[in-house]
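Mind looking over this structure? Questions follow.
Please treat every number below as a calculation from the coordinates, not as lab data. The structure presented is a predicted model; accordingly, all values stated were derived computationally and were not measured. Ideal geometry is used to build each Cβ from the backbone, glycine not excepted, and the neighbour counts take in all protein chains shown.
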Amino acid sequence: MALDPDTLSQLVGTVRRFVSERLRPLEAQVSESDEVPDDVVAEMRALGLFGLSIPEEYGGLGLTMAEECLVAIELGRTSPAFRSTFGTNVGIGSQGLVMYGSPEQKAKWLPGIASGAVVTSFALTEPEAGSDSAAVRTRARLDGETYVLDGQKIFITNADKAGLFTVLARTGPPGSGAKGISAFLVPREAAGLAVGKPERKMGQQGTHVCTLSFDDVRIPVENRLGPEGEGFGIAMRVLERGRLHIAALCCGTAERLIDDSVAYATTRRQFGKPIADFQLVQAMIADSVTESHAARALVLDTARRMDSGEKVTGRISASKYFASEMVGRVADRAVQIHGGAGYVAEYGIERFYRDVRLFRIYEGTSQIQQLVIARERIASA
Ligand SMILES: Cc1cc2nc3c(=O)[nH]c(=O)nc-3n(C[C@H](O)[C@H](O)[C@H](O)COP(=O)(O)OP(=O)(O)OC[C@H]3O[C@@H](n4cnc5c(N)ncnc54)[C@H](O)[C@@H]3O)c2cc1C
């Protein structure tokens, strides 16, 4: 159920203040230490950020997609690593359970996910199954009342901290494609499950991705999420919501980078005047503002349509495609407007330039979004 307008604006205002007063001053520290401090994580829990999308009956805020996007835009105004701390609990790690969990599964896991006591991860990608996610090879073999999982997952966000994984594994025969995949809830303590060391990566320091190895991991049948063979559909529905959230995040980051660029351009002087007076600099600002407005409008329109029950698969992909490419261009212009200051670490602009690169890759690359957009449009002709 939607929040009343006053409560929503209070929530958005609280998140905005938390971002500007608490998180922004820590951006460089988090990047250097590659960790979000524990006291900040505790404050995120207290604010309810881990439970933004979890229904109220399980202790979350139960936001609609449009409300979640407004909050994500605010969260985008700082380093993405902060949002990732609870991002998997809000999105890909929890939504399979929210949408397809049995009453028992929801009662067991959702309250801990909503409070942040349990961190969740979503484990789809494998060495041989990236964009072609229906090529999953991790096996789940039924043995009496247990499934036995064997295989490997890579690039799993928050795996180092997760207490629960939503794992996509093949229950059908090899080569059974999307129809042979099922989803499972795998607790971290399951024997035979090993989590690798965090990967070194281009940006978003403070958030980690790891490999998962499954070696005869036994989990009870009641940990299967949804019917056998429907895991791929579950994963795609989960990713749809996640993609729109990421698109909203991109809008916030673009707005932040525009703020920083305008602040710099109005104070930095060359040829006897602020560089903001030069029309070639103004053109860069104008392009970034225009694209950022367009992305925000597209994202929020798509979210409202989704909330009203419209099928918006193509619009979600268009939102993720446009917003993630847009923030890449905005970050590039931000570096240009800052000149040499944009390239050195002290100003933090080069960090955002690296951070936003990921948005075009995970939860479906830009090319995969293009394929979905075209497929949906052609199918509706
Ligand atoms: C930091 C990070 C966090 C991640 N978090 C998670 C997570 O929590 N859980 C999870 O399951 N996964 C996660 N991933 C994995 C991510 O979703 C994949 O990396 C992504 O989907 C791309 O897959 P790939 O890396 O195998 O690239 P590939 O699929 O090998 O793609 C390589 C290139 O080929 C292009 N390409 C592939 N197929 C086509 C096609 N049919 N048409 C046109 N072009 C194509 C791609 O667009 C890309 O440009 C994460 C990745 C990173 C880097």
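Which one of L244, V299, Q279 has its Cα pushed farthest toward the positive end of the charge dipole of region 225-319, where Lys and Arg give +1 and Asp and Glu give -1 at the Cβ?
Sorting the options by dipole projection puts first Q279.
Tell me which residues come under 5 Å, amide H to amide H, from I154 once H is placed; ignore anything under 5 positions away on its chain.
Excluding prolines and chain starts, which carry no amide H, the hits are T125, E126, L212.
Sort region 101-163 into rounded, prolate or oblate with this rule: let a ≥ b ≥ c be the square roots of the eigenvalues of the Cα gyration tensor; rounded if a/c is under 1.5, and if a/c is not under 1.5, prolate when a/b is larger than b/c, oblate otherwise.
It comes out oblate by the Cα gyration axes.
Within region 83-125, whose backbone N sits under 16 Å from a point 7 Å along Cα→Cβ of S33?
The answer is 83, 85, whose backbone nitrogens lie closer than 16 Å to the label point.
Separate question: What value, in deg cm²/dmol to 500, does the helix sum -39500 (n - 2.57) over DSSP H runs of n ≥ 4 give at 222 nm once divided by the residues of the chain?
Roughly -16000 deg cm²/dmol at 222 nm, from the helical runs in the chain.
So if I place +1 on the C-beta of Lys and Arg and -1 on the C-beta of Asp and Glu, and nothing else carries charge, what would the dipole magnitude of region 307-348 be about its Cα centre? I want it in debye, nearest 20. Please report the intermediate quantities before stating the final value.
Numbers: 5 positive and 5 negative charges, 31 e Å.
Roughly 140 debye for region 307-348.
If I stretch the segment between R304 and E222 completely, what's the gain in nm (0.36 nm per residue apart, minus their alpha carbon distance), one decimal?
Fully extending the segment from R304 to E222 adds 26.1 nm.
Here's a follow-up. If each residue's Cβ is checked for other Cβ atoms within 10 Å, how do T253, T85, T171 rank with the fewest at the top?
Working: T253 28, T85 23, T171 20.
Fewest-to-most Cβ neighbours within 10 Å comes out as T171, T85, T253.
Under 8 Å for C-alpha pairs, at least 6 residues apart: give me the relative contact order for the chain, rounded to a whole percent.
Dividing the mean separation by the residue count of the chain yields 16 percent.
On to the next question. With θ set to phi - 60° and the Karplus curve 6.51 cos²θ - 1.76 cosθ + 1.60, what are the ³J(HN,Hα) couplings of region 276-289 in order, to the nearest whole Hz, using x for Gly and Pro?
Result, rounded to whole Hz: 5, 6, 7, 5, 5, 6, 4, 4, 5, 5, 4, 5, 5, 5.
If amide hydrogens are placed 1.01 Å from N in the peptide plane, which non-local residues have theirs closer than 5 Å to the one on L164?
Residues meeting the amide H criterion: V119, S121, R188.
Pop out the ³J(HN,Hα) list for region 293-310 in order, Karplus 6.51 cos²θ - 1.76 cosθ + 1.60 with θ = phi - 60°, rounded to Hz; leave Gly and Pro as x.
For region 293-310, the Karplus curve yields 4, 5, 5, 4, 5, 5, 5, 5, 5, 5, 4, 5, 5, 4, 4, 8, x, 5 Hz.
Shifting gears a bit: Which entries of K201/K311; K108/K201; K161/K311; K179/K201; K106/K311; K153/K320 show an alpha-carbon separation above 30 angstrom in the structure shown?
In this structure, K201/K311; K108/K201; K161/K311; K179/K201 lie more than 30 Å apart at Cα.
Follow-up. Considering the options I154, T253, G314, tell which one lies farthest towards the positive end of the dipole of the chain, charges being +1 on Lys and Arg and -1 on Asp and Glu at the Cβ, about the Cα centre.
Farthest along the dipole direction, towards plus: G314.
Related question: What size of dipole, in debye to the nearest 20, comes out for region 150-233 about its Cα centre when the only charges are +1 on Lys and Arg C-beta atoms and -1 on Asp and Glu C-beta atoms?
Here region 150-233 has a charge dipole of around 300 debye.
Please state the shape class of region 113-209: rounded when a/c is under 1.5, otherwise prolate if a/b exceeds b/c and oblate if not, all from the C-alpha gyration tensor.
On the way: a/c = 2.15, a/b = 1.36, b/c = 1.57.
Oblate shape, in that a/c is at least 1.5 and b/c is the bigger or equal ratio.
How far, in nm, would the chain grow between D259 and M99 when pulled straight, counting 0.36 nm per residue and subtracting the alpha carbon separation?
53.9 nm
Can I ask one more? Per residue of region 53-62, in order, report the coupling 6.51 cos²θ - 1.76 cosθ + 1.60 (Karplus, θ = phi - 60°) as ³J(HN,Hα) in whole Hz, putting x for Gly and Pro.
After applying 6.51 cos²θ - 1.76 cosθ + 1.60, I find 9, 8, x, 4, 4, 10, x, x, 8, x Hz.
Average the reciprocal distances over every distinct pair of alpha-carbons in the chain, invert the result, and give the Kirkwood radius in Å. Numbers along the way, then the final one.
On the way: mean 1/r = 0.0468 Å⁻¹.
Result for the chain stands at 21.4 Å.
For the chain, set up a Gaussian network in which alpha carbons nearer than 10 Å are linked by springs, and say which option among S33, S121, S366 fluctuates the most.
S33
What ranking do 257-268, 180-191 get when scored by the average of other Cβ atoms within 10 Å per residue, highest first?
Output ranking for 257-268, 180-191: 180-191, 257-268.
Give me the number: length gained by fully extending R354 to Q270, i.e. 0.36 nm times residue separation minus the C-alpha to C-alpha distance, one decimal in nm.
Extending this stretch completely gives an extra 27.5 nm.
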